Amino acid sequence: MTSSSSSSALRAPPPEIFWPPSSSSSSSTKTRQRPRFEQLGKIGEGAFGDVYVGRDHLTGKLVAIKEVRLTNLKRDGLPKPALRELRALQQLEGHEHALRLIDAFPRGGALALILEYMPSDLEVIIRTRTSLLPESHLKCYLWMLLQGLSFLHSRHILHRDLKPSNLLLSAHGTLKIGDLGSARVHLDPPLGEEYSHQVGTQWYRAPELLFGARHYDTAVDLWAVGVIMGELACLRPLFPGQNDMDQLSRVLHVLGTPTLESWPGVRKLPDYHKVAFPDLPPQDLAQVFPRVPKRGLNLFGSLLRLEPLGRPTAEEALADCWFFVDPWMCERRELVVVGREVPVKLRGVLGGQERMGKREEEEDDGLFEGLG
């Protein structure tokens, strides 16, 4: 099936489409059908289900199988994160920097999302680096991230949980935005209703969310991009708060206490009067984060503005002069991709598939000129 609508995504699959194999009848003769997707092994788990690696026998490629547990589908319906991810993925089909949904269907007591398999992510790159990223590599990662995010926002999708582990990498270095379980699509809930402020991972949560904002926009994603940019440059978390109060404190100790001049609407936020901070002056970002490239400081600082209206859009960030001066951003093939840890029994299978995937990407380079 295609990912054309959430209702069609929930219809039962043809009997030959998934493990275990089923038999189908043709006239009076029954023949054994090979399943399209074969499950190879478990590679991760989350709050709502497990993630497996599998093989698509139609293409020969590896796939990621994300199983979302359905405890009581008739009573509760689909879990909200699964529904949000499914709807968002269906809206993003075809963009090279958004993870591709291949199929989706019920499987036993779970909903199976079949996704393209990505062997690494930016968190692995940050964790395994023994030296600073070249500036040309930093530009390449940020360019791809902003390209993907610009597309999300053009489709009226807020990601709301951008972080290095959700920014997936192919064997050839192509970055794709994944894990859309916190996404909001097409003004859902309708305009005027409130959003939750307890979204995203704390270290990447925008200050308006930490102050309890229930109405917000794409600026929350751009804040996360700024934090990720700094983390890639410094190879360490920028604001590793222990809780919401500590998180906000760490941000304000660097960017300064907001005032009516620097953030006119801050006092209207629900939790503003619940906390009190001393009058802290903003610090020089070049001194606090000296590993951020000097020519990239303007973009970095604009993404980390306290006032949401002061942050650029993804499209505006892509036009920043930093991307168009020496050193030029590298080609994706120059990026060193370190695969994430997988069970020993899967290493041979995955290693061979990743090498094949890299050759296929090299052959397909002509489909995408540059990084746009």
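The values are calculated or read from the model by the stated rules, or taken from the named source; none is laboratory data. Note that the structure is a prediction, hence the values are computed from the model and not measured. In this analysis, Cβ positions are derived from the backbone assuming ideal geometry, glycine residues included, and neighbour counts consider all displayed protein chains.
For His253, only one of the following conditions fails: (1) closer than 16 Å to Glu307 by Cα; (2) modelled with pLDDT of 95 or more; (3) touching a helix residue (DSSP H, G or I) at 6+ places or on another chain (Cβ under 8 Å). What is its number?
Tallying (1) closer than 16 Å to Glu307 by Cα; (2) modelled with pLDDT of 95 or more; (3) touching a helix residue (DSSP H, G or I) at 6+ places or on another chain (Cβ under 8 Å), His253 fails exactly one: (3).
Find the strands (runs of 3 or more DSSP E) located wholly in region 22-92 whose residues include 2 or more that are among the β-branched types (Val, Ile, Thr) and at pLDDT below 75, and list them.
Counting at least 2 such residues, we get 29-32.
Kindly establish whether Val275 is β-branched (Val, Ile, Thr) and touching a strand residue (DSSP E or B) at 6+ places or on another chain (Cβ under 7 Å).
No; evaluated as a whole, the condition is false for this residue.
If I ask for residues that are outside any helix (DSSP H, G or I), among the hydrophobic types (A, V, I, L, M, F, W, C) and over 14 Å from the mean Cα position of the chain (by Cα), which ones from region 115-151 would you list?
Those that are outside any helix (DSSP H, G or I), among the hydrophobic types (A, V, I, L, M, F, W, C) and over 14 Å from the mean Cα position of the chain (by Cα): Leu132, Leu133.
Only one of (1) in contact with a helix residue (DSSP H, G or I) (Cβ under 6 Å, 6 or more places away or on another chain); (2) surrounded by 18 or more Cβ atoms within 10 Å (Cβ to Cβ) fails for Leu83. Which number is that?
That leaves (1) as the condition not met.
Glu193: acidic (Asp, Glu), assigned to a loop (DSSP other than H, G, I, E, B), modelled with pLDDT under 90 and over 21 Å from the mean Cα position of the chain (by Cα), yes or no?
yes
I need the full set of residues from region 284-326 which are closer than 30 Å to Gly212 by Cα, among the charged types (D, E, K, R) and in a helix (DSSP H, G or I), in order please.
Residues satisfying the conditions are Glu315, Glu316.
For the structure I just gave you, tell me whether Gly212 is more than 16 Å from the chain's Cα centre (by Cα) and at positive phi.
yes
Which ones in region 153-183 are among the aliphatic types (A, V, I, L, M), closer than 24 Å to His215 by Cβ and either at pLDDT 95 or above or over 15 Å from the mean Cα position of the chain (by Cα) (or both)?
Listed by number, the residues that qualify are Leu162, Ile177.
Return the residues of region 225-277 that are touching a residue at least 60 places away in the same chain (Cβ under 8 Å), in a helix (DSSP H, G or I) and within 24 Å of the chain's Cα centre (by Cα); say none if nothing qualifies.
Val225, Gly226, Val227, Ile228, Met229, Gly230, Glu231, Leu232, Ala233
Output the number of the condition that Pro240 fails; it satisfies all remaining conditions of (1) modelled with pLDDT under 95; (2) surrounded by fewer than 16 Cβ atoms within 10 Å (Cβ to Cβ).
(1)
Each row is one residue, and each column tells you yes or no for (1) farther than 19 Å from Leu169 by Cβ; (2) modelled with pLDDT under 95; (3) more than 22 Å from the chain's Cα centre (by Cα); (4) outside the structural domain of Glu135 (by TED's automatic domain parsing).
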| position | (1), (2), (3), (4) |
| --- | --- |
| Val336 | no, yes, no, yes |
| Gln353 | no, yes, yes, yes |
| Glu362 | no, yes, yes, yes |
| Glu369 | yes, yes, yes, yes |
